[in-house]
Each structure stands twice: as C-alpha cells, then as structure tokens.
1. Tell me the angle of helix B:183-194 to the major Cα principal axis of chain B, expressed in degrees between 0 and 90 and rounded to the nearest ten.
2. Using 5 Å bins from zero, what percent of all Cα-Cα pairs in the stretch B:48-198 falls into each bin?
3. Excluding ligands, DNA and RNA, what is the solvent-accessible area per residue of chain A at a probe of 1.4 Å, expressed in Å²?
4. Within the stretch A:190-242, report the trypsin sites (Lys or Arg not before Pro) that DSSP leaves as loop and that have at most 16 other Cβ atoms within 10 Å.
5. Just to make sure I understand: if all protein chains stay in place, what is the order of A:Met101, B:Met49 by accessible area at 1.4 Å, largest first?
6. To the nearest 20 Debye, how big is the dipole of the stretch A:503-596 about its Cα centre, given +1 on the beta carbon of each Lys and Arg and -1 on that of each Asp and Glu?
7. In a shell of Cβ-Cβ distance under 11 Å around A:Asp161, excluding A:Asp161 itself, what net charge do Lys and Arg (+1) and Asp and Glu (-1) give?
8. Using the beta-carbon distance between A:Gln143 and A:Arg367 and R0 = 51 Å, what value does 1/(1 + (r/R0)^6) give for FRET efficiency, to the nearest 0.05?
Amino acid sequence: MSLRFAAVWAAMALLGASGTAFAQVAGPDPAAAAQDSAYAPRYRLTPVYTNRINADVSSVGMSNDFRTGFMTPWGSIFDFVVKGEQKNYRLNTNTDETKLMSLTDLHKFNLFWMGSATFSDSRVFNRSTAVGGGFQDFIINDQTATLGSTYRRGFGNLRMDALGSGGVIQSERTFKDDQGIQAGINGGVAYNIGDRVVWQGRAARRSTWDQSSTVDAQFNDLGSDEDSLMTGFSVQAADSIRFDATHKRYDSDRTFADQGRGSLGAQVGGAENVFQETEVRDTRNTTLTLASKIARRFTLSLSASHDEQVSDYATQDTRDSKTLGDLVTGNITYVLPWRTRTSIQFENGETLRDFGPLSNAGLTDKRKRVALAVSQPFSKTFVVDFNGSSQLSQSFYTKYEENPRDRDQVDTSLNLRITSSPFKKISAGIGIAYTNSEFVNIDSLQSSNNRNRELWELRPTFTYFVRPGLSIMQVYGLSFEYTDYTFDEDQNFLDRNVTFTNEVRYKPTRQVDVLFEYSLYLHDNGSYLPDAETGERLYQISSEDRRDRTRLRVDYRVKHKIVDNRVQSALSFFAENLYSQRGEWTPGNYDERDVTTDGQIQVGTTGNYDWGGGKVVRFTVSRVKRFSPFGVDAAKDYWDARSEIAYPF
Amino acid sequence: MKRLGAFFVLATALLSAACIFDTRDPNPPATGGGGGCTLDAPQKAFVCMAGALARRQDGDYERSISENFVFSPTTADSLDQNFLGTPCVYDNWTKEVEMDVLSLLLADNEQVNWDYGTPVVKINKNTFVRFEVTYSLLVRSVAAPADTTFYRGVAEIDVRNENGNWRVTFWNETQTVGNSSTWGFLRGILRLQRGVSC
C-alpha cells in the first residue's frame with residue numbers, strides 16, 4: 001500500500017494540520033522532499049536495487065525496488081522509482097499485486113523557492129476465487145501528473161512558507177473510471193513575539209474536479225472543496241511553565257460516485273447501481289495545554305479540548321452524524337526524596353453523538369479515569385513497580401424509550417511487579433495482577449447480561465546462572481478468571497489455570513547454543529452451583545484439560561565477524577523441534593480423555609552480510625514440516641523464508 | 001520503612017479512588033436471569049457471537065473476543081471512496097472500537113443475523129486455530145421504511161485459548177462474495193458515523 005501512503009503524505013502537506021488525504025494525489029510531496037536529507041544535491045548517478053522475499057505458512061511474496069537519483073544538467077534533482085510487489089496466498093487462491101513507477105524532478109530556483117514535477121503510474125490488483133467458482137478481481141490503476149511549488153522565507157522574527165500544487169489523475173476501478181483535476185495551496189506563518197511567545201497560523205484550500213463513467217452511465221460535475229485553518233500560540237510564561245492554545249477547523253464538500261447497497265442497490269453492487277453522493281464534513285477542535293516543572297522533582301501537565309465533527313450525506317442520510325466532545329486530562333509526576341517515582345493521571349470526558357432524526361442510536365458517552373504508577377528502587381538489585389487504574393464509562397441514550405440501552409461499565413486494573421537479584425547467580429521476579437470489569441445494563445430488556453468478571457494472576461519467575469554458558473529459567477503461573485451474572489446466581493464461570501515453564505540454555509562450545517524448554521498447563525472449568533442435596537453452593541467442575549509442550553533448538557554459528565562495531569558477516573544453521581500434547585476430559589473420566597498432538601520440525605539457515613555502502617544481504621530460510629490432526633496439507637509442509645538484498649550500484 | 005510506607009499509602013489511594021466510581025442501579029431482567037455462553041471449544045466463539053447478534057445483546061459478543069482483538073479489512077474496503085476523507089478509519093481497530101461499532105449496529109437495526117456457515121480449519125495448533133469463514137450478515141434497519149441489506153464475505157478468523165476460554169483474536173477479511181459488500185465495509189461505515197479523527 002505504498003502508493004496510498006504517498007498520496008496521504010502529499011495531501012497532508014497540502015492541507016496542513018487538517019490531515020486529510022485523497023487517493024487522487026500521488027507522488028512525493030515537494031515540501032517534505034525539500035527537507036529530506038536524501039534530496040541533498042548529488043553529483044553522480046546513485047541507483048539502488050532492493051529485493052525482499054517473505055514466505056510463511058499463509059503467503060509467499062516478493063518485492064523489487066529500483067530507484068536512482070542524479071543531478072540534471074539544468075541543476076535539478078531527478079529521482080526515478082520503479083517497484084513491484086506480488087503476494088500469493090498458500091491457504092487459498094488469492095493473489096495481490098502492486099506496481100509503481102514514479103519520476104520526480106525537484107528544482108531549486110533560488111534560496112527560497114523550489115519547484116517540482118512528478119509523474120506516477122500505479123497498479124493495485126487483487127484476485128481471488130469467488131464462492132461458487134470463477135475469478136473475482138479488484139483493480140485500481142492510477143496515472144497522476146503533478147506540478148508543485150514551495151516558497152519558504154524568514155524575516156527576522158517572522159517565518160513563512162507556502163506550497164501550491166496542481167495535477168491531473170486518471171483512475172481505473174473495477175466498476176468505473178475516474179478522471180480528475182486537482183489544485184491546492186497551503187501556507188503558514190509563525191511569528192516570535194519577544195523571547196517567550198510564538199504565534200502561528202496555517203491555512204489550506206484544495207479543490208478537485210472529477211468525472212466518473214461506468215458501463216451504463218457517466219457522472220459529471222463531481223469533485224470536492226476543502227478548506228482548513230489552524231491557529232495557535234504558545235507562551236513560555238517562565239522557564240518552567242509553558243502554555244499552548246490551538247484552534248483547528250476543517251470543512252469539506254465532496255461529490256462522488258458511490259455503490260448502492262440495501263434498497264438503493266438491491267443487495268448487490270455492480271455498474272448499474274452506481275449513483276451520485278454528496279458528503280459534507282466539518283470538524284472543529286480547540287485545545288489548551290499547560291506543562292509545568294514546578295520543582296526539580298515535580299512536573300504537572302493539564303489539557304482541555306473541545307471537538308466537533310459533523311457529517312451530512314445527500315442520498316444516504318442514514319449516515320448523518322454529529323459528534324461533540326469535551327475532554328480534560330492531567331498528569332502529575334513526582335519523585336520523592338527517597339527515589340520513589342510516582343505518576344498520577346486523570347481523565348474526564350463527555351461526548352454527544354447524534355445520528356440524525358432517522359436513528360435511535362443517539363447517545364451521550366461519559367468517561368472518568370484515574371491511574372497511578374509507582375516505582376521504588378530499594379536497592380540496585382531490588383525494585384518494586386506498581387501500576388493501577390480505574391475507569392467508569394457510561395452511556396445515556398437520547399431516545400431511551402425506543403432504545404433502552406443505557407449502560408455503565410467499571411474497569412479496574414492493579415499490577416504489582418517485584419524484581420530482585422539477591423545473589424550474583426540468581427535473579428527473581430514476581431508479578432501479581434488483578435483485573436475487574438463490571439458490566440451494568442440499566443433496562444430490564446438488557447440487564448440479564450449484567451455481569452462481573454475478575455481475573456487474578458500470580459506469576460513468579462526465577463533465573464539461575466549456573467555458570468557461563470549454562471542458565472536455567474523457571475516461570476510459574478497461577479490464574480483464576482471468574483465471571484458471575486448479577487441476576488442469576490447459578491450462571492457463573494470459573495476457570496483455574498496453573499502453568500509451569502522450565503527453560504535450559506546451554507552453550508557447550510563457542511559456536512553452539514542449545515535451548516530446551518518444557519511447559520505444563522493445567523486447567524479446569526466449572527461453576528458454583530447449589531448442591532442437589534444440601535442446597536449449599538459448591539464449585540462443580542465440568543471439564544479439565546492438560547497440555548504438555550516441549551521445544552528443543554540447536555544453533556550452530558559457522559561464522560560471525562564484526563568490523564568497526566558492525567556485523568560484517570554471519571552465517572548459522574539451526575534446527576528446532578516443537579511437540580505439544582493436549583488432553584481433555586470430564587471429571588472422573590481421565591482414562592477416556594480426548595488427546596490431540598501436534599508438532600513440527602524446522603531446519604534452516606540464517607545469514608547476514610554487510611559490505612558497507614548499503615550493500616547488504618540478509619536471509620533466513622528454513623523448511624518446516626508439521627503434523628496435527630487438522631488443517632490443510634499446504635500448512636504442514638512448506639518453506640519459510642525472509643530475505644533482503646540491497647545493492648547500490 | 002519510610003519508602004515502604006509511602007508506597008502503600010499511594011497504592012491505597014488508588015484503591016480508594018476505584019471505589020468512588022459507582023454505577024447506576026439496574027432494573028431486574030424482564031424475563032428472569034440468564035445470559036452467558038461457554039467458550040469451551042474453538043467454534044463456540046462463533047456460536048456465542050451469532051447468538052448475541054440475534055438477541056441484540058452484546059454481552060456474549062464481548063466475552064467472545066479477546067482484549068487483544070484486531071480487525072483487518074480487505075484491500076478493496078480500505079480503498080473505498082467512502083473512506084477517502086478519513087483514511088485512518090480502519091487503523092487501530094481494537095476491541096473497544098469493535099464494541100463501539102457493535103453498539104451502533106445493534107441500536108439502529110431491529111434484526112441482525114450472522115450465518116457463519118461451516119468454518120474450515122486452516123491451521124490447528126492446540127491452543128490456536130485459524131478458520132476460514134464464508135459468512136453472510138443480514139441487517140434490517142429500524143428507520144422506516146425498513147431497509148434490509150445482506151453483507152457477505154470470506155474472512156480468516158483466529159481463535160486462541162486464553163485462560164481456558166476460546167476467544168477471537170484476529171478477524172481478517174480476505175475477499176468479497178459476489179457483488180455484495182462485506183461486514184468489514186459495514187464496520188468502516190459505522191465507525192465513520194461514530195466519528196474518527198485522522
């Protein structure tokens with residue numbers, strides 16, 4: 001999707017802070033290019049070829065990229081890029097292809113003024129086998145030509161820049177062809193008032209004129225108009241206090257050809273169901289921020305913002321929406337004299353969402369959140385970290401009678417982590433976590449779903465460095481997940497899990513690494529239900545399962561050469577075996593358990609060669625053979641590969 | 001001791017803050033208690049999600065998707081004309097975004113039925129299963145006159161065993177079916193309607 005990102009990049013510069021993108025504008029952005037060190041004047045041809053291959057269980061893909069740049073006789077910087085990428089999917093018959101060719105000429109007229117000319121041709125192609133047979137293709141072919149100009153200058157405390165561009169585009173899509181012309185201008189001014197105040201403003205305007213044609217119809221007078229404005233100032237009130245205020249506004253009016261759906265399109269798309277749609281979008285944002293270093297160990301930051309977004313559609317008016325949001329956030333950090341680092345964050349916001357008179361979904365969302373982080377280094381080898389947060393989210397529906405979906409949700413999370421190296425050869429850690437989520441639906445039509453979910457976790461870890469080249473790590477885990485329905489005592493679920501992993505790393509020689517890992521997982525699931533005889537609520541297990549897993553890996557380093565702190569060449573071979581067995585049974589029926597096994601063997605090689613000057617070859621290639629009771633054969637025997645070859649001529 | 005004391009004072013402060021968040025009082029269910037679908041097998045996640053959509057209650061849908069849920073659309077959907085003004089509409093598609101979009105889907109439609117067909121297992125690794133699902137989604141709007149739309153597509157859906165529960169971790173739309181729009185396209189439209197800033 002590099003074409004799309006190039007289009008976004010160009011349009012974002014054009015529209016400044018509004019950040020809107022249209023796929024019709026392609027090619028590199030001249031303003032950004034002028035600042036890119038890669039565009040520094042070059043005096044000789046600098047072609048670079050890069051090839052990448054990526055193959056795994058689901059797809060095989062390759063990309064080729066050739067680019068070069070040189071200084072033209074008339075003093076311009078000329079860049080040429082051609083790249084192609086193809087990906088075939090192993091587990092289905094899909095194919096993706098993208099191609100791009102672009103030529104850019106960047107000319108510096110004088111110290112302040114630069115111009116550019118760009119041409120690009122791109123193809124996006126996706127083929128899949130349709131359900132029921134036959135091929136199903138998705139195509140976007142774009143040709144774009146753009147002229148751009150950038151002016152940048154400073155006058156004492158005043159700085160200004162302006163960017164203008166115009167271009168044409170021809171776009172072919174699956175059901176229609178589009179032709180368009182676009183023109184835009186984007187400018188900004190920044191002014192320093194004294195040493196402590198900076199004011200800046202940006203404005204942009206962009207217009208497009210388009211037409212679309214399908215097999216059945218032609219749509220003229222399509223296009224768009226976009227305006228954006230941003231203004232702000234920052235005040236360094238004192239050496240330790242800074243205040244910022246910004247206001248942004250964006251308006252767009254776009255007429256385009258869209259595909260009919262539902263009653264408009266009789267359930268299916270097609271050239272005969274393309275129609276004309278007009279979309280109007282307006283956004284406003286005002287943000288105030290304060291950042292202050294009150295004392296050497298005490299910092300404070302506050303932010304308040306107001307947001308408005310309005311979308312209006314001429315034909316598909318069920319998509320109309322209006323969103324108004326207000327948000328206040330704060331962050332306080334303090335380092336206590338005995339090095340305890342604390343951070344408190346809080347947040348309070350409210351958002352009104354109105355989806356028009358045809359919708360019952362209009363609502364107000366409210367959210368409050370508070371979070372605390374504390375880190376205490378008791379010594380160089382003993383550290384305690386604590387993180388906690390709590391959040392309340394509430395929804396209030398505007399048309400409650402028609403749509404009684406009011407709900408509240410409280411999420412609380414607490415994490416305690418202790419790490420210690422009590423002896424030179426031993427390091428240990430323990431993590432304790434608690435998460436609670438409470439779901440409350442207010443109306444009786446929804447409240448049967450009200451529930452409370454708790455998750456308790458205890459995870460100790462120990463690492464023993466027996467001697468150089470031999471270490472043992474053990475990870476334990478104990479977790480309980482309990483879900484309890486508020487209005488039904490007998491509707492609850494408890495999952496209990498015990499995990500254990502033992503990992504041994506051994507280096508018998510300088511060139512050989514051996515890793516052996518064993519993991520055990522025990523789990524049972526059940527509910528608290530009243531006993532048939534006594535009526536007492538007891539935990540009754542409904543199922544149990546166990547999984548044993550082993551991993552054995554051997555790496556053999558043939559070569560590893562470092563020159564000037566850079567890995568110049570490295571080659572190694574590896575082999576890895578994975579095995580897993582899972583058994584599941586009901587209580588008392590262990591002997592009748594269902595057992596499934598799966599595993600794989602992977603043998604391969606990894607290489608890394610760097611000759612300097614950008615000449616690089618990197619690769620990892622391996623053959624994978626798997627066995628499991630299910631799955632397609634293509635996922636059981638395949639080559640796994642990743643490679644990159646970069647060669648500057 | 002001073003450090004330890006300060007540490008626990010701060011932790012207690014947070015626990016106290018957690019208690020100040022109080023919820024509204026709910027009304028007891030009209031039809032008695034209930035709800036809750038077990039996630040004890042990989043395909044049960046689909047059963048629970050479909051049931052939640054049919055009842056237009058999001059509880060089992062929320063339980064069926066992982067906290068690390070991610071959604072990815074088809075190439076065609078991500079480049080659709082409707083999203084040209086907001087190219088980030090599919091970015092950072094987390095569980096929170098999925099539930100926000102679902103709430104709008106359920107609120108504005110009187111009928112939502114998901115037929116996930118017969119999922120085909122592509123990869124099975126004991127605690128991870130990848131299914132290929134050819135689905136159709138029927139949506140009937142509340143707005144009069146009621147508008148019925150079928151969304152169809154093929155998706156690779158990853159299901160992972162998390163603490164004993166099988167939950168959907170990744171929904172990857174891979175292709176359209178016929179000339180129908182995908183559920184991924186509908187997701188994009190709903191998120192656009194809820195408001196997204198790029």
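1. So the inclination is approximately 60 degrees.
2. Distribution as computed: 2, 9, 17, 23, 23, 15, 7, 2, 1, 0 percent.
3. On the way: 32620 Å² over 649 residues.
Ligands and nucleic acids excluded, the figure is 50 Å² per residue.
4. Values: sites: A:Arg196, A:Arg202, A:Arg205, A:Arg206, A:Arg242; in loops: A:Arg196.
Of the trypsin sites (Lys or Arg not before Pro), the ones in loops of the stretch A:190-242 whose Cβ has at most 16 other Cβ atoms within 10 Å are A:Arg196.
5. From most exposed to least exposed: A:Met101, B:Met49.
6. Dipole magnitude for the stretch A:503-596 comes out near 1280 debye.
7. Numbers: positive: A:Arg152, A:Arg153, A:Arg159, A:Arg202; negative: none.
So the surrounding residues net to +4.
8. Calculated value: 0.65.
The values are calculated or read from the model by the stated rules, or taken from the named source; none is laboratory data. Note that the structure is a prediction, hence the values are computed from the model and not measured. Using ideal geometry, Cβ is built from the backbone for each residue, glycine included, and neighbour counts are taken over all protein chains shown. Note: accessible area is taken over every heavy atom of the protein model, side chains too, but ligands, DNA and RNA are not part of it. Shrake-Rupley method; radii C 1.70, N 1.55, O 1.52, S 1.80 Å.
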